[in-house]
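Asker: Structure below; questions to follow.
The values are calculated or read from the model by the stated rules, or taken from the named source; none is laboratory data. Predicted, not measured: the structure shown is a model, and the values here were computed from it. For neighbour counting, all protein chains shown are included, and Cβ atoms are generated from backbone atoms with ideal geometry for every residue, glycine included.
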Amino acid sequence: MIVETLIVGPFQENCYVVGDEESGTGALIDPGDEAARIVFAVERMGLSISQIIITHAHIDHVGAIAPLTDEFLCPVVMHEEAGAMLRTMPQQAMMMGMRFGKVPKVDRHVADDEVLEVGSLRLRSLYTPGHAPGHLAFYAEEQEIIFSGDALFAGSVGRTDLPGGSMEVLMRSISERLLTLPDATRVLSGHGPETTIGRERMTNPFLGGGGML
Ligand SMILES: [Zn+2]
């Protein structure tokens, strides 16, 4: 499995380009900004992008969808509960002193526990709300990788003070859906460095782990 991380935009968001070496089929997870740079990376990697996968509809995760669908002519997949937030993106951007162009069209709604196929790769959706409505993480079981969006970070968890956020719901999502994965699972988050489920279980101060080592 090919995985390349591009850190994009003012919020330093991790956009992931994933690909199946055999078929050359790829997908983009959370293209938040810098569409031209993402296109350049995809061309360099020689992938044919089959879909754009969204963990949740915060501006730093969705900002480059519209120009990229124009470029790759591929469907956008997201949880239905994230739709309301996506539709108000121009107003959200304005409040932050930013500009947001066209609201992207979502072609397929993904619910909990569905499998997205990227060539021979399989990404299973894990419904993990709490940080944002309809938040999904995506689990590549065979490769032992979880794309955790903004639910779980190295040493931290997602903020819950934005609309639709709930610390109680987030903690339940993390403990029931993410910490139940094998310890060796690599965690690729929406921001910041890579970690593993085992390391977060042991050391993440928000998860009742050991904290200071
Ligand atoms: Zn977010």
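Asker: Do we have any residue at all in the range 75-94 that's within 16 Å of the ligand (Cβ to nearest atom), without any contact (Cβ under 8 Å) to a residue 40 or more places away in the chain and closer than 27 Å to Glu141 by Cβ?
Answerer: No, the range 75-94 contains no residue that is within 16 Å of the ligand (Cβ to nearest atom), without any contact (Cβ under 8 Å) to a residue 40 or more places away in the chain and closer than 27 Å to Glu141 by Cβ.
Asker: Scan the range 165-187 and tell me whether some residue there is within 16 Å of the ligand (Cβ to nearest atom), part of a loop (DSSP other than H, G, I, E, B) and over 18 Å from Gly134 (Cβ atoms).
Answerer: no
Asker: Looking only at the range 159-202, which residues are acidic (Asp, Glu) and touching a Pro at 6+ places or on another chain (Cβ under 8 Å)?
Answerer: Selection gives nothing.
Asker: Name the one entry in Val42, Val62 that is aliphatic (A, V, I, L, M) and within 13 Å of the ligand (Cβ to nearest atom).
Answerer: After ruling out the rest, the residue left standing is Val62.
Asker: Say we look at the range 143-191 and pick out the residues that are touching a residue at least 12 places away in the same chain (Cβ under 8 Å), among the charged types (D, E, K, R) and surrounded by fewer than 24 Cβ atoms within 10 Å (Cβ to Cβ); which of these is farthest from Ala82 (Cα to Cα)?
Answerer: Asp183
Asker: In the range 43-66, which residue that is within 29 Å of Gln92 (Cα to Cα) and more than 15 Å from the chain's Cα centre (by Cα) is modelled with the lowest pLDDT?
Answerer: Ala66
Asker: Going through Ala84, Ala35 one at a time, which residue ends up being out of contact with any strand residue (DSSP E or B) (no Cβ under 7 Å at 6 or more places or on another chain) and either surrounded by fewer than 17 Cβ atoms within 10 Å (Cβ to Cβ) or among the β-branched types (Val, Ile, Thr) (or both)?
Answerer: Matching residue, one of Ala84, Ala35: Ala84.
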